[in-house]
Amino acid sequence: MNALAPHLPALQVVVPMLVSAVVILLRPRGLAWMACTAASAMAFAIAIQLTHTVLASGPVTYLMGSWPAPYGIELRVDALSALMLLVVNGASVVTLIAGRQSLDLQIEENRQPYFFAAWLLALAGLAGIVVAADAFNIFVFMEISSLASYVLVAGGPDRRALPAVFKYLLMGTIGATFYLIGVGLIYMMTGTLNLADMEVLIQAVGDQRPILAAAGFITVGLALKAAIFPLHVWLPNAYTYAPHMVTVFLAACATKVSLYVLLRFDFFVFQGNLEGHAIQFAAYLMPLALLGILIGSAVAMFEKNVKRLLAFSSVAQIGYMMLGASLVTIAGLTAGIVHIFNHALAKGALFLAVASFATVAASLRLEDLGGIARRMPWTFGAFVIAGLSLIGIPGTAGFISKWYLITAAMQLGPGGLVLVAIILISSLMAVVYIWRIVEVMWFGEPANEATAPVTVSPLLVGVAWTVALANIYFGLSPDLPMTLASEAAAELLRHLP
Amino acid sequence: MELLGLYHYWVFAILLMIGFYAVIAKLNLVKKLIGLSLFQSAVFLLYITMGKVELGTAPIFSDSGSGIFSNPLPQVLILTAIVVGISTTALGLGIVVRIKEEYGSIEEDEIQEIDRR
């Protein structure tokens with residue numbers, strides 16, 4: 001272990017990537033799942049160990065092949081990366097453990113090895129984005145994770161996933177290409193791709209037009225990948241028609257990793273070097289964040305398919321994260337970052353519960369879910385707890401991030417009250433859409449007495465409960481995400497006067 | 001003449017917009033993918049032209065020769081990006097084949113019509 005310890009940032013990516021090549025060969029039933037879960041668990045252990053090191057002794061840097069930094073490829077894990085690594089790897093391992101039965105039902109056996117290989121590639125790509133410290137490697141890992149997640153989304157039995165994934169592919173590629181144009185323009189002006197080096201060299205040319213254009217291209221491209229309103233149109237269908245377990249995994253982390261890159265660029269590289277960047281960032285993104293919060297929640301209130309409803313709720317939740325960031329204060333950014341963690345917990349548990357319902361119910365439309373709570377009280381319990389966390393009831397993780405967000409908004413003075421009002425209105429809308437589901441499930445009459453051909457695996461219900469209880473645990477003692485988030489915010493905004 | 005001197009940027013911008021237009025406006029899924037490829041190729045050209053040095057030769061180090069090289073790094077970067085572009089196109093075409101199998105059409109409006117039914 002000690003010999004490997006310095007190489008953990010690289011192993012974070014290498015382990016899932018190498019295992020994915022092996023997984024394709026594992027034909028016997030269940031073996032591919034086992035190997036995939038084992039690799040993912042190992043990656044999670046690495047993420048925990050890295051977080052431990054970051055908390056104890058600050059950022060970890062790793063030089064690929066020992067070439068010194070601006071010339072060689074550097075990997076860097078700081079507080080923000082550590083938090084993202086926990087979310088990504090945690091979501092993957094939890095989903096895989098819970099998803100054995102659901103994936104067996106939805107993915108044909110002979111295609112499973114390929115599916116799990118794509119899963120590990122997506123995991124490796126997402127982890128790679130987070131650990132990479134140079135702009136071009138971020139692009140390559142972004143494409144690895146995107147290509148793999150297109151395969152995952154299209155892997156299910158629902159044919160409507162195919163047009164959805166095609167749209168996702170077009171928009172994802174356009175987003176990534178915009179990012180590539182931005183990186184190219186910066187490279188043209190500074191001659192470097194390493195983020196830390198770029199941050200220094202960009203000072204001299206910060207007022208030149210190519211740099212401003214680059215900032216625009218990068219922000220828009222990443223906003224497209226992060227599904228920030230109004231660039232979210234690919235998200236609802238992709239989440240709705242994907243295999244249930246893929247929805248859990250992607251909803252918990254995929255868009256948030258793009259958001260991470262956006263924060264990394266806009267605050268770490270541009271902030272402090274581009275004149276008026278803070279004001280422009282706030283002026284463009286705050287209205288979009290607010291619109292996303294309101295419209296996402298409003299559409300969710302009228303949506304009839306539970307997965308689609310939760311997908312639109314995700315659009316609103318991404319709005320909360322952006323709202324926190326667009327305040328451009330330490331408190332606001334901390335709230336936005338901690339919401340990345342808390343929302344992953346809440347949405348993860350909700351989609352796990354939905355996957356459990358889906359195993360039994362005829363479809364996930366509300367009318368087919370009538371009275372299902374009485375047949376599956378345990379799953380329903382987990383759903384309600386996670387729903388409360390999504391709304392932001394005190395004592396759950398969702399409350400922590402909303403509390404910090406409101407505190408940060410109040411610091412703005414009178415204008416902040418408008419933000420607080422919008423946050424409260426949107427929370428009430430969340431009450432409405434969660435209540436609609438709860439009402440149908442608990443009080444509704446069963447649509448038809450179709451006997452359930454399968455019983456839900458206790459593993460899925462158990463994991464859903466574990467994640468739901470994690471919502472309560474991190475609602476009562478939010479030290480870990482808060483420490484990481486506030487450290488991350490302080491580092492991102494170190495140029496703030 | 002400055003405008004013409006920057007012609008390689010014009011090529012980049014026009015090609016980019018032709019591709020972007022095709023992605024948005026065409027209903028045929030294969031034509032959309034062709035547009036996407038054009039869109040990506042435009043960016044490749046941007047990278048390649050930025051590494052060009054006037055009178056520069058291929059970046060091969062030797063004792064003879066002028067000693068002025070084109071910058072090899074953008075070329076290496078774009079080699080990677082081309083691979084990414086090919087993978088994206090291949091995956092996109094694969095999805096189009098699956099859509100044709102399931103829906104019997106590769107026109108976006110017809111597919112939406114079938115889904116609405």
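The values are calculated or read from the model by the stated rules, or taken from the named source; none is laboratory data. All values reported here derive from a predicted model rather than from experimental measurement. Here the Cβ positions follow ideal geometry from the backbone for every residue, glycine too, while neighbour counts run over all protein chains shown.
State whether the residues of region A:178-190 include one that is under 21 Å from A:MET64 (Cα atoms), surrounded by fewer than 22 Cβ atoms within 10 Å (Cβ to Cβ), within 11 Å of chain B (Cβ to nearest Cβ) and free of Cβ contacts under 8 Å to residues at least 24 places away in the same chain.
Scanning region A:178-190, I find no residue that is under 21 Å from A:MET64 (Cα atoms), surrounded by fewer than 22 Cβ atoms within 10 Å (Cβ to Cβ), within 11 Å of chain B (Cβ to nearest Cβ) and free of Cβ contacts under 8 Å to residues at least 24 places away in the same chain, so the answer is no.
In region B:26-69, which residues are surrounded by fewer than 20 Cβ atoms within 10 Å (Cβ to Cβ) and polar (S, T, N, Q)?
B:ASN28, B:SER37, B:SER41, B:THR49, B:THR57, B:SER62, B:SER64, B:SER66
Out of region B:1-23, which residues are among the aliphatic types (A, V, I, L, M) and either surrounded by 11 or more Cβ atoms within 10 Å (Cβ to Cβ) or outside any helix (DSSP H, G or I) (or both)?
Here is the first cut: in region B:1-23, the ones among the aliphatic types (A, V, I, L, M) are B:1, B:3-4, B:6, B:11, B:13-18, B:22-23.
If the condition is that a residue be among the aliphatic types (A, V, I, L, M) and either surrounded by 11 or more Cβ atoms within 10 Å (Cβ to Cβ) or outside any helix (DSSP H, G or I) (or both), then B:MET1, B:LEU6, B:VAL11, B:ALA13, B:ILE14, B:LEU15, B:LEU16, B:MET17, B:ILE18, B:ALA22, B:VAL23 are the ones that fit.
Can you say whether A:ALA373 is modelled with pLDDT under 85, in contact with an Asp or Glu (Cβ under 9 Å, 6 or more places away or on another chain) and not polar (S, T, N, Q), as far as the supplied structure shows? I'd like the intermediate steps shown before the answer.
On the way: modelled with pLDDT under 85: yes; in contact with an Asp or Glu (Cβ under 9 Å, 6 or more places away or on another chain): no; not polar (S, T, N, Q): yes.
So A:ALA373 fails the test.
Could you list, in sequence order, all residues of region A:75-93 that are surrounded by fewer than 24 Cβ atoms within 10 Å (Cβ to Cβ) and over 21 Å from A:VAL248 (Cα atoms)?
A:LEU75, A:ARG76, A:ASP78, A:ALA79
If I go through region B:24-45 residue by residue, how many of them are within 14 Å of A:LEU170 (Cα to Cα) and not in a loop (DSSP other than H, G, I, E, B)? First the steps, then the outcome.
Taking region B:24-45 first, the residues within 14 Å of A:LEU170 (Cα to Cα) are B:24-40.
Checking which are not in a loop (DSSP other than H, G, I, E, B) leaves us with B:24-25, B:28-40.
Qualifying residue count for the region: 15.
Please determine whether any residue of region B:77-92 is touching a Pro at 6+ places or on another chain (Cβ under 9 Å), surrounded by 13 or more Cβ atoms within 10 Å (Cβ to Cβ) and within 11 Å of another protein chain (Cβ to nearest Cβ). If you could, list the steps in order and put the result at the bottom.
Step one: filter region B:77-92 for residues touching a Pro at 6+ places or on another chain (Cβ under 9 Å), giving none.
The answer is no, given that none of the residues of region B:77-92 is touching a Pro at 6+ places or on another chain (Cβ under 9 Å), surrounded by 13 or more Cβ atoms within 10 Å (Cβ to Cβ) and within 11 Å of another protein chain (Cβ to nearest Cβ).
For the subset of region B:40-69 comprising residues that are of a type in the set (Ser, Thr, Tyr) and within 14 Å of another protein chain (Cβ to nearest Cβ), which member is farthest from A:GLY184 (Cα to Cα)? Don't jump to the end; show me each part of the working.
First, pick out the residues of region B:40-69 that are of a type in the set (Ser, Thr, Tyr): B:41, B:47, B:49, B:57, B:62, B:64, B:66.
Add one more test, that the residue is within 14 Å of another protein chain (Cβ to nearest Cβ), and what stays is B:41, B:47, B:49.
Working: B:SER41: 14, B:TYR47: 6, B:THR49: 11 Å.
For region B:40-69, the residue satisfying everything is B:SER41.
In region B:95-117, which residues are of a type outside the set (A, V, I, L, M), under 23 Å from B:GLY35 (Cα atoms), surrounded by 12 or more Cβ atoms within 10 Å (Cβ to Cβ) and more than 9 Å from chain A (Cβ to nearest Cβ)?
Answer for region B:95-117, where residues must be of a type outside the set (A, V, I, L, M), under 23 Å from B:GLY35 (Cα atoms), surrounded by 12 or more Cβ atoms within 10 Å (Cβ to Cβ) and more than 9 Å from chain A (Cβ to nearest Cβ): B:LYS100, B:SER105, B:GLU107, B:GLU110.
Would you pick out the residues in region A:110-166 that are among the hydrophobic types (A, V, I, L, M, F, W, C), more than 17 Å from A:PRO16 (Cβ to Cβ) and within 8 Å of another protein chain (Cβ to nearest Cβ)? Reasoning before the result, please.
So in region A:110-166, the residues among the hydrophobic types (A, V, I, L, M, F, W, C) come out as A:115-124, A:126-127, A:129-133, A:135-136, A:138-142, A:144, A:147-148, A:151-154, A:161-162, A:164-166.
Keeping just the survivors that are more than 17 Å from A:PRO16 (Cβ to Cβ) gives A:133, A:135-136, A:138-139, A:153-154, A:161-162, A:164-166.
Selection gives A:PHE136, A:PHE139, A:ALA154, A:LEU162, A:VAL165, A:PHE166.
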